[in-house]
Amino acid sequence: MIQIRTFRAPDDPEACEKFIVGHKKLLEIFGITKITSNRQEWVDDYNTNVILVEDPKTKIVYGGARLQVVTGQYSLPIEDALGKYDNGIYEMVKEDQLSGGTCELCGLWNSREVAGMGIGSYILSRVGAAIASQLSLKSIFVLCAPITVRMGKRVGAVVEESLGDKGLFFYPKDDLIATAMRLRNIYDLSTADPTEREKILSLRENFHQFIMEKGPKGTFEVEYNLKIPNLVKKI
């Protein structure tokens, strides 16, 4: 069985360290050493919410993602990544921040031990969309690799074609392409895949569930524990 839980980054430094080490190892396999979402100041940010995939008994971490909320203290990784190519990203984030609040789903990864189970390709984006409702936000930004664009579209995100070359950028290396996407309204999931919408709404209504998930490599049980503890902001 796999457990997926959520927490504010400073509330579990040990889990954050495991997240960082696992993500870094995976990026190095693909020759990626510089990526804005891999900066580590987020571990002290009470407005960064971690989604962790782990073995509930051994606490081995198999992957995760972060939902980083705009507060003014830190810029979003997508702003740092794309701003030097198109400053329109700054205005887009600012508009959403002023009209209801926004965040970025970033740092998404899964280890090779769980490759092919659909955790990185489906489950983590679904969880990101689900837990955003606890944070009283309007939108979610995400910077997708080509293989994860379909994942973004399934949860209702759209390509922001006003940015870059119809939403496309060469990032994080000149031979790699990234796509700027945004779930414009986390409560209006009309652009999401119907099955995906149903699963997101179910996770919002019931934070703690045991679900048999079916991935490309078979069926496995997931314990979802998605209530974010201690959501009162640290002053």
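The values are calculated or read from the model by the stated rules, or taken from the named source; none is laboratory data. Since the model is a prediction, treat every value here as computed from it, not as a measurement. For neighbour counting, all protein chains shown are included, and Cβ atoms are generated from backbone atoms with ideal geometry for every residue, glycine included. Side chains are part of the model used for accessible areas, which takes the heavy atoms of the whole protein and leaves out ligands, DNA and RNA. Shrake-Rupley method; radii C 1.70, N 1.55, O 1.52, S 1.80 Å.
A few points about this structure:
- For segment 153-159, 3J(HN,Hα) per residue [Karplus equation, 6.51 cos²θ - 1.76 cosθ + 1.60, θ = phi - 60°, Hz, x = Gly/Pro]: 5, 4, 8, x, 6, 10, 6
- Within the accessible area of the chain, the carbon and sulfur atoms contribute 52%, probe 1.4 Å, all protein chains present.
- Gaussian network model of the chain, springs between alpha carbon atoms under 10 Å - residue of N206, N49, N110 with greatest fluctuation: N206
- Couplings for segment 89-104, taken from phi via the Karplus curve 6.51 cos²θ - 1.76 cosθ + 1.60 with θ = phi - 60°, read 5, 5, 5, 5, 5, 4, 4, 5, 5, 6, 9, x, x, 8, 7, 10 Hz in order; Gly and Pro are left as x.
- Restraint check, K57/K199; K25/K59; K24/K138; K84/K173; K84/K138, Cα-Cα greater than 21 Å: K57/K199; K24/K138; K84/K138
- Globularity index of segment 19-144, i.e. its alpha-carbon radius of gyration over 2.2 N^0.38 Å: 1.06
- Think of the chain as having a plus end and a minus end, set by charges on the Cβ of Lys, Arg, Asp and Glu; of V158, L201, C106, L201 sits farthest toward the positive end of this dipole.
- Segment 77-145: relative contact order in percent, alpha carbon pairs under 8 Å with at least 6 residues between: 44 percent
- Counting charges near I123 (Lys, Arg +1; Asp, Glu -1) among other residues having Cβ under 10 Å from its Cβ returns a value of +1.
- Across segment 133-143, computed HN-Hα scalar couplings (Karplus, 6.51 cos²θ - 1.76 cosθ + 1.60, θ = phi - 60°) run 5, 6, 9, 6, 10, 9, 9, 10, 8, 8, 10 Hz from first to last residue, x flagging Gly and Pro.
- Listed residues R150, R66, R182, most fluctuating in the chain (Gaussian network, C-alpha, under 10 Å): R150
- Model label points for L168 and F207, set 7 angstrom from Cα along the Cα-to-Cβ axis, are 4.2 nm apart.
- Fraction of the pair-distance distribution of segment 85-210 above 24 Å, Cα-Cα pairs, percent: 27 percent
- Mean separation of Cα contacts under 8 Å, 6 or more apart, over the residue count of the chain: relative contact order %: 22 percent
- In terms of overall dimensions, the C-alpha atoms belonging to segment 137-227 reach 41, 32, 23 Å along their principal axes, ordered largest to smallest.
- Whole-number accessible area per residue in Å² for the chain, which is evaluated in the context of all protein chains at 1.4 Å: 49 Å²
- Taking a quarter of the surface of the Cα convex hull of segment 64-125 gives a mean projected area of 5.2 nm².
- Percent of alpha-carbon pairs separated by more than 13 Å within segment 144-187: 53 percent
- Convex hull per residue volume in Å³, alpha carbons only, for the chain: 119 Å³
- Working from Cα pairs under 8 Å separated by at least six residues, relative contact order for segment 1-130 is 27 percent.
- Note on the chain: with charges restricted to the Cβ of Lys and Arg (+1) and Asp and Glu (-1), its dipole about the Cα centre is near 360 debye.
- Beta bridges assigned by DSSP with both partners in the chain are antiparallel in approximately 85 percent of cases.
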